[in-house]
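The values are calculated or read from the model by the stated rules, or taken from the named source; none is laboratory data. What you see is a predicted model, and the numbers here were worked out from it, not measured in a lab. Cβ atoms come from the backbone with ideal geometry, glycine included; neighbour counts cover every protein chain shown. To get the accessible areas, we keep the full protein, side chains included, count just its heavy atoms, and leave off ligands, DNA and RNA. Shrake-Rupley method; radii C 1.70, N 1.55, O 1.52, S 1.80 Å.
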Amino acid sequence: MTPNASADQTTAGGLYAFGAYFLWGFLPLYFVLLAPIGPFEIVAWRILLSLVFCALLILVTRSWGRLVAILRQPRLLGLTALAGALIYVNWQVFLYAALSGHVIETSLGYFINPIVTVLLGVLLLRERLRLTQWIAIGLAAIAVGVIVVGYGVFPWIALSLAFSFGFYGLVKKKIGPAVDAVSGLTLESAWLTPVALVQLGVVAATGGLLVVSVGMPQTALLAAAGIATATPLLMFAAAARRAPLSLLGIMQFVAPVLQFVIGAWLLGEEMTTGRWIGFAIVWVALILLTTDSLLAARRTRRGRADAATARERDDAPSDVAELT
């Protein structure tokens, strides 16, 4: 690939990543507009409509072959089932938080998520951390403690979102490129379909399905939930194939920043002094972590460039050889 082509790919990847995180950032506002439909009903419809949307994509793109190939591999099927369970927990907690006035805490969860990902790498993948990464993890732990003391409530929503999505990313890393984005989301949604049907049955038996009684705007928004779920996931998959991890790492802060703005300024959620201090500590940790990642990526690129230069020098013919 030529340098210009590589730069174009990186630019396209950055735009895809920004688009994905931008859409994820506005999801709380999207789901708040679905009220009075409750979180359990919304998640159930979200699962079923995501399955329908993905099935249509597979049909239009004629990519059934890739899905069938995955179905023949029990290990991949098991991993997609685990990924489905983790994303279900993430979706359910997220919807509960968005519809109960805890959007700011969802932003905290996704601010903490990169730090949780680093921590999982240590605990489960036995990765060795640099000093700056350890400091970032320590600051995140201090921030949680400050929020608990200052706000008086354990931030279970933030931690549930951070760890469920962190483990989800870990499982997706185990799956690797063997499962494309559309097939992966299709299988995850298929595994969760029985859960969604049971959930709708329980909601119908206990309080009734509100989708049949709300106005047309909410019904239309709910009908588009599958598209709203799948689109950013597909954009992220396109970004991951084109953009370097350092760029994706920076872009991932777009979503929690937007969620924080929506919660604090648009929805008017309370930000106590303890919360401000806790968030500030998390932001310092993220600045350290991002700076460290960028410097590490730069050192890696420089090392590869030096190694390539050395190989070219070793392969070049000497002056004596040219004369003879």
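Key figures
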item: Residue list for region 78-92, restricted to those being in contact with a Leu (Cβ under 7 Å, 6 or more places away or on another chain) and open to solvent by 30 Å² or more (accessible area, probe 1.4 Å); result: Tyr88
item: Residue match in region 48-64 (condition: crowded, with 22+ Cβ neighbours inside 10 Å, out of contact with any Gly (no Cβ under 8 Å at 6 or more places or on another chain) and under 30 Å from Ile104 (Cα atoms)); result: no
item: Candidates Ala230, Ala237, Ala264, Ala243 - the one that is within 17 Å of the chain's Cα centre (by Cα) and at pLDDT 80 or above; result: Ala230
item: Cβ-Cβ under 8 Å pairs, at least 6 apart or on other chains, region 173-187 side farther than 12 Å from Arg75 by Cα, far side open to solvent by 40 Å² or more (accessible area, probe 1.4 Å) and of a type in the set (D, E, K, R); result: Asp180/Arg66; Ser183/Arg66; Gly184/Lys172
item: Qualifying positions in region 66-93 - part of a loop (DSSP other than H, G, I, E, B) and closer than 15 Å to Lys174 by Cβ; result: Gln73
item: Looking only at region 211-227, and only at residues there that are of a type in the set (A, V, I, L, M, F, W, C) and at pLDDT below 85, the one that is surrounded by the most Cβ atoms within 10 Å (Cβ to Cβ); result: Val211
item: Output for region 234-285, where each listed residue is part of a loop (DSSP other than H, G, I, E, B), aliphatic (A, V, I, L, M) and open to solvent by 40 Å² or more (accessible area, probe 1.4 Å); result: Leu267
item: Identity of the residue in region 93-118, more than 14 Å from the chain's Cα centre (by Cα) and among the aliphatic types (A, V, I, L, M), that ends up surrounded by the fewest Cβ atoms within 10 Å (Cβ to Cβ); result: Leu99
